[in-house]
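Below is one structure, written out as structure tokens, with a few remarks after it.
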Amino acid sequence: MKSKKSDLGKIQFVHCAMPNMALSEADTRYTISERIELPFPIAVMVDSERLAKYLSTTSRNIPFVSSNSIYLNGNPVRLKSSHIVEVGDGLEAGKAIRVDSYAIPSIKFDFFSNFDTYIKQLRIAMFLTNSRNISELKKANIYKVR
Amino acid sequence: MPDEAVARETQDRKMQHINIIINEDTQYKEKTTMLELVDIKPKKGKIDPNSVDIEASLVGKKISSPIFISGMTGGHPVAMEINKNIAIAASKLKIPMGVGSQRAMLENEALAYTYDVKKFASPLILIGNMGANRLPKYDNKRIQKMLDSVKADLIAIHTNPGQESVQPEGDIDFRGVYERIVDLAKSIKQPVIVKEVGNGISKEIAKMFNKKVFAIDVQGAGGTTWIGVETFRSKGSYGNAFWDWGIPTALSVLEAKSEFKGQVWSSGGIRNPIDIVKSIAIGADMCGIAKPVIVAERKGGSEGVYNFMNDMINGVKNEMAALGFSSIKELKNAKISFKEPLKSILKDRKIRL
């Protein structure tokens with residue numbers, strides 16, 4: 001799977017000191033194709049497709065990715081591998097979405113990791129860029145540290 | 001929660017903030033102010049520091065230098081002692097000072113004395129303080145009364161969405177806050193300053209406030225991170241990702257200056273005289289210092305603050321003399337250049353001086 005982590009470190013969101021919204025308004029729904037809308041634009045990466053399918057049926061609403069497929073509620077959708085971007089936290093997930101419209105930010109599977117934390121971080125990134133939804137996040141002001 | 005409990009919670013939080021800032025490392029980790037990327041071209045020939053004039057004026061009153069002590073605390077007996085000691089030093093040095101958020105006295109009027117420092121130090125230019133997202137909860141008359149009760153000359157409205165986002169009891173709703181600030185600025189006697197608390201002000205936000213408020217205090221990234229303070233307080237993990245969030249102070253001054261025609265103040269990570277000289281050279285009208293002042297106060301009381309700030313003021317004169325500038329006006333017209341990555345960022349952000 002593709003990793004752009006080092007590049008994402010150079011991307012900085014421009015802080016919005018006066019968002020005209022509440023944090024609770026941040027809508028994380030993410031449409032990746034005509035057929036599929038994810039509840040969150042962050043997936044969990046696992047090694048096998050079988051495990052991804054199994055986990056996605058037991059952990060409802062959390063998308064799992066393996067190889068070139070993403071699973072939500074047990075249903076697979078084929079992806080281009082270049083769209084899967086490994087990220088370390090919810091803020092990096094926001095950056096990945098901002099710089100690549102087709103990105104599926106993905107966190108490595110870890111029994112101790114807390115998916116809610118990543119989503120909370122993504123919501124904060126949306127709030128601090130005055131982005132009510134993912135479409136607005138894709139247009140948020142950024143600068144690159146070269 | 002009953003009003004009394006809310007007031008006590010606010011009071012306790014103020015004390016926790018002081019302790020964390022003084023005792024823990026809550027500075028930005030990788031991000032700097034970017035002031036180190038600003039170069040000033042010296043004028044030919046050094047001059048005598050005694051001939052350097054850095055006097056300025058604020059709200060029609062003369063001040064010894066364009067330096068102020070940023071508002072930090074209030075609402076607690078210890079905060080009262082800190083504010084009093086800072087006020088005595090600021091008055092002697094003829095520089096303005098701010099107090100911390102006056103929310104505590106709005107919740108509990110008995111705490112007004114912790115901000116009421118003019119009775120110990122006069123003359124003094126005092127900057128009141130109020131959180132932007134608290135404004136919708138109070139009407140303009142109440143805020144005017146709050147400012148008058150401490151004889152504030154100006155008010156800083158601090159906007160802190162980053163801090164609120166990671167604060168356990170954070171108020172994370174900023175809807176209608178901009179309109180409320182604009183309305184307040186039209187209504188009250190004191191000039192309004194819009195300030196951040198360490199994450200900086202962008203040109204987009206500066207543009208919104210152009211001709212609406214008196215000044216923007218950028219409080220940019222590179223010094224104390226309040227996201228870090230709250231992450232430390234909450235012992236939570238999700239705030240760590242945002243520890244270094246924000247617009248570096250130098251970049252933020254340049255961003256604000258490009259769209260805001262009122263005064264632009266530089267603060268956030270100002271630690272030495274050269275930071276002040278560079279801030280003024282890139283367009284700042286005033287420079288604020290916070291953390292080093294509270295550290296000096298805790299070590300040496302009023303005298304500690306006086307000595308620290310006096311050294312800072314003399315240091316500015318020495319730096320200016322070494323560069324060949326005899327006045328603030330000359331320094332503001334200095335030829336400056338930017339090193340990478342600031343140079344490229346300014347180009348990307350379409351910011352021209």
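The values are calculated or read from the model by the stated rules, or taken from the named source; none is laboratory data. All of these numbers come straight from a predicted model, not from anything done at the bench. Because the Cβ atoms are built from the backbone with ideal geometry, glycine has one as well, and the counts that use them run over all protein chains shown.
Some observations on this one:
- Contact map, segment A:71-95: residues that are away from chain B (no Cβ under 11 Å) paired with residues that are acidic (Asp, Glu) and assigned to a loop (DSSP other than H, G, I, E, B), Cβ distance under 6 Å, separation 6+ or inter-chain. No pairs are found.
- Annotation for segment A:99-106: no member residue is in contact (Cβ under 8 Å) with a residue 40 or more places away in the chain, closer than 22 Å to residue A:59 by Cβ and facing another protein chain (nearest Cβ under 9 Å).
- Check on residue B:92, buried (at least 16 other Cβ atoms within 10 Å of the Cβ), at pLDDT 95 or above, of a type in the set (D, E, K, R) and closer than 22 Å to residue B:219 by Cα: no
- Test: residue A:135 is out of contact with any Gly (no Cβ under 6 Å at 6 or more places or on another chain), assigned to a helix (DSSP H, G or I), hydroxyl-bearing (Ser, Thr, Tyr) and farther than 21 Å from residue A:26 by Cβ: no
- When every residue of segment B:206-221 is checked against the conditions, none turns out to be of a type outside the set (S, T, N, Q), out of contact with any Phe, Trp or Tyr (no Cβ under 7 Å at 6 or more places or on another chain) and under 24 Å from residue A:25 (Cα atoms).
- Residues located in segment A:20-46, provided they are within 13 Å of chain B (Cβ to nearest Cβ), under 30 Å from residue B:195 (Cα atoms) and under 18 Å from the mean Cα position of the chain (by Cα): A:23, A:24, A:25, A:26
- Residue check for residue A:17: free of Cβ contacts under 8 Å to residues at least 12 places away in the same chain, under 30 Å from residue B:243 (Cβ atoms), within 14 Å of chain B (Cβ to nearest Cβ) and among the small types (Gly, Ala, Ser): yes
- Of the set (1) surrounded by 20 or more Cβ atoms within 10 Å (Cβ to Cβ); (2) polar (S, T, N, Q); (3) at pLDDT 95 or above, all apply to residue A:141 but (1).
- Residue check for residue B:89: part of a helix (DSSP H, G or I) and in contact with a Ser or Thr (Cβ under 8 Å, 6 or more places away or on another chain): yes
- Residue match in segment A:109-132 (condition: more than 14 Å from chain B (Cβ to nearest Cβ), part of a strand (DSSP E or B) and either surrounded by 14 or more Cβ atoms within 10 Å (Cβ to Cβ) or in contact with a Cys (Cβ under 7 Å, 6 or more places away or on another chain) (or both)): no
- Failed item in (1) in a loop (DSSP other than H, G, I, E, B); (2) within 19 Å of residue B:290 (Cα to Cα), with residue B:129 passing the rest: (1)
- Members of segment B:25-74 found to be among the aliphatic types (A, V, I, L, M) and assigned to a helix (DSSP H, G or I), listed by number: B:35, B:37
- Residue within segment A:47-69 that is under 18 Å from the mean Cα position of the chain (by Cα), surrounded by fewer than 18 Cβ atoms within 10 Å (Cβ to Cβ), within 14 Å of chain B (Cβ to nearest Cβ) and of a type in the set (S, T, N, Q) present: no
- Of all the numbered requirements in (1) buried (at least 17 other Cβ atoms within 10 Å of the Cβ); (2) more than 14 Å from chain A (Cβ to nearest Cβ), residue B:345 misses one, and that requirement is (2).
- The single residue among B:98, B:75, B:131 that is modelled with pLDDT of 95 or more, out of contact with any Gly (no Cβ under 6 Å at 6 or more places or on another chain) and not hydrophobic (A, V, I, L, M, F, W, C) turns out to be B:131.
- Unique match (being out of contact with any Pro (no Cβ under 8 Å at 6 or more places or on another chain), hydrophobic (A, V, I, L, M, F, W, C) and either more than 17 Å from residue B:328 (Cα to Cα) or free of Cβ contacts under 8 Å to residues at least 24 places away in the same chain (or both)) among B:34, B:15: B:15
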